[in-house]
Amino acid sequence: MEARPIERTSSASLCRLLCSSIGSKALVALTGLALFGFVLGHLAGNLQIFAGQETFNAYAHWIKSKPALLWGTRLGLLAVLAVHLGVSVRLARRNRAARPVPYAFQNTVQATSASLTMVWSGLAILAFVIYHLLHFTVGAVSPAEFGRTDPLGRPDAYTMVVLGFRHPAIALIYAIGMFCLAMHLSHAIQSVFQTFGLNHPRCMPLVRRAGFAAGFLIAAAYVSIPAAVLAGIVTLPPGVSP
Amino acid sequence: MSENKRLNLTLHIWRQKNAADPGRLATYRVQGVSVHMSFLEMLDVLNEQLTAQGEEPVAFDHDCREGICGMCSLTVNGIPHGPQRGTTVCQLHMRHFADGQEITIEPWRAKAFPVVRDLVVDRSAFDRIIQAGGFVSVNTGGSPDGNALPVPKKDAEAAMDAAACIGCGACVAACKNASAMLFVAAKISHLAKLPQGQPERRERALAMVAAMDQEGFGFCSNQYECEAVCPKEISVRTIAVMNRDTLRAGLGGA
């Protein structure tokens, strides 16, 4: 076979790279990183609920008062999510097709349950995100708790969240969604390093453990909000009735 | 285990006449298997029995039976090359099995490795990937002195670790996605670690990955089953090297 000359970057060679197995994996990792950034940012915003109604509503109001930033982020995240999901599903379908006859005797040596269920945990997170948007962004889950205003006339996001999480069934849905996120992240974080070719024998065991811990810590931090509401730590503002 | 213990085993073996036959698992009993036998010798005993009964013996690949040729390719109870780590199935001894045990023996399962007959699969997809890797530039003329080209010890060790790959295909068989990435990564990083491999390093990575993609293997999802079953214990670090080289080459960078 003739050696081909090294191609300079062109749109054609970039396209070829992104369609290749390794390019597709890199694309999933890159979009996953962007989504991970959102997960961290969203958590930082949400945890302000522990600072009380004033801080939380001021934060929510600040976001809503910047439509360019808000919609830019939303559309950007939607595009990133579409690529992450689209490429992952294409890879998963190809992986299924690569073994048309399954083993009669199935066995696994060291693959983790998180790694075996990446597609399913990912789809579960998608379903959760849709529910979450319907709940707190659109207000379709419990319309009576949606659209209230606080004494300063701002949308009362704080009360909405506290009222929402007072239902144990809803809190449970959030806990399940966050468990799926924890599973997904626990495999995803260390995977990003491997996919980008960063695997050093001294660092990788630490990266694997840290990735696993980070996934579950982030999910636990999110779950702390409904848990605090149910435990009566985060309560309704004075004078507000359910 | 020094005593001459004998095992009676029940084997469930994949029988398939040819590529068009759908195939099925058939059950056989073998009696009095010595614990000192290798797994393939145990199959030889079974085949003697089958031949004596006028039945067709079980076809399986084997050659050196010393763990270095890469021909033997049996999935034993769902694990390519069986339960012993870092061992080809020809070097797996029956002392690792218990009397009365049931053992399921299947061929490598992958679309890119079609079954030829019984437990024999066609692994020529690997040959085509190697061909796509092309050549290594060498100067013509008198052969250079063996020590003329200094190679750091660390690099030489890493290259030799990757070069230990015998191309058996257990990585593909074990991968939940039937991906060939450990094999291709071993071949790519073996040359990428040596000065002789540098001139064609980028084209080689791109060409071998493209050839791998064409053969219908799945894609790695970092579960590392390949590393666990590799008889030469090749590390998934080689896959990181392949990823890095391919991404760099594809982006046209250094």
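The values are calculated or read from the model by the stated rules, or taken from the named source; none is laboratory data. Worth saying up front: this structure is predicted, and the values here are computed from it rather than measured. A quick note on method: Cβ atoms are made from the backbone with ideal geometry, for glycine too, and the neighbour counts reach across all protein chains shown.
Considering segment A:62-100 alone, what residues qualify as being among the aliphatic types (A, V, I, L, M) and touching a strand residue (DSSP E or B) at 6+ places or on another chain (Cβ under 6 Å)?
Here is the first cut: in segment A:62-100, the ones among the aliphatic types (A, V, I, L, M) are A:63, A:68-70, A:75, A:77-83, A:85, A:87, A:89, A:91-92, A:97-98.
Across segment A:62-100, the qualifying residue is only A:Ala98.
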Top-ranked residue in segment B:243-254 [being within 7 Å of another protein chain (Cβ to nearest Cβ) and not small (Gly, Ala, Ser); ranked as farthest from B:Val184 (Cα to Cα)]
B:Leu251
Only helices (runs of 4 or more DSSP H) wholly contained in segment B:93-175 count here; list those with 2 or more residues that are facing chain A (nearest Cβ under 10 Å) and over 27 Å from B:Leu25 (Cα atoms).
B:124-132
Using the structure shown, decide if A:Val109 is crowded, with 16+ Cβ neighbours inside 10 Å and not in a helix (DSSP H, G or I).
yes
Among the listed residues A:Gly153, A:Gly122, which satisfies the condition of being on the phi > 0 side of the Ramachandran plot and either away from chain B (no Cβ under 11 Å) or free of Cβ contacts under 8 Å to residues at least 60 places away in the same chain (or both)?
A:Gly153
Among the residues of segment A:197-224, write down those that are within 14 Å of another protein chain (Cβ to nearest Cβ), in contact with a helix residue (DSSP H, G or I) (Cβ under 6 Å, 6 or more places away or on another chain) and hydrophobic (A, V, I, L, M, F, W, C).
A:Val207, A:Phe212
Right, A:Leu69: surrounded by fewer than 16 Cβ atoms within 10 Å (Cβ to Cβ), free of Cβ contacts under 8 Å to residues at least 60 places away in the same chain, more than 14 Å from chain B (Cβ to nearest Cβ) and of a type in the set (A, V, I, L, M, F, W, C) or not?
yes
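Residues are listed down the side, and each one gets a yes or a no for (1) surrounded by 13 or more Cβ atoms within 10 Å (Cβ to Cβ); (2) free of Cβ contacts under 8 Å to residues at least 12 places away in the same chain:
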| position | (1), (2) |
| --- | --- |
| B:Asn8 | no, no |
| B:Pro57 | yes, yes |
| B:Asp63 | no, yes |
| B:Thr87 | yes, no |
Consider B:Gly167 carefully, then state whether it is touching a residue at least 12 places away in the same chain (Cβ under 8 Å), touching a Gly at 6+ places or on another chain (Cβ under 9 Å) and assigned by TED's automatic domain parsing to the domain that holds B:Glu233.
yes
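State which residue is surrounded by the most Cβ atoms within 10 Å (Cβ to Cβ) when the search covers only segment B:221-235 and only residues that are more than 7 Å from every other protein chain (Cβ to nearest Cβ) and either outside any helix (DSSP H, G or I) or free of Cβ contacts under 8 Å to residues at least 12 places away in the same chain (or both).
Ranking the qualifying residues of segment B:221-235, first place goes to B:Pro231.
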Tell me yes or no: at least one residue of segment A:32-48 is assigned to a helix (DSSP H, G or I), within 14 Å of chain B (Cβ to nearest Cβ) and buried (at least 17 other Cβ atoms within 10 Å of the Cβ).
yes
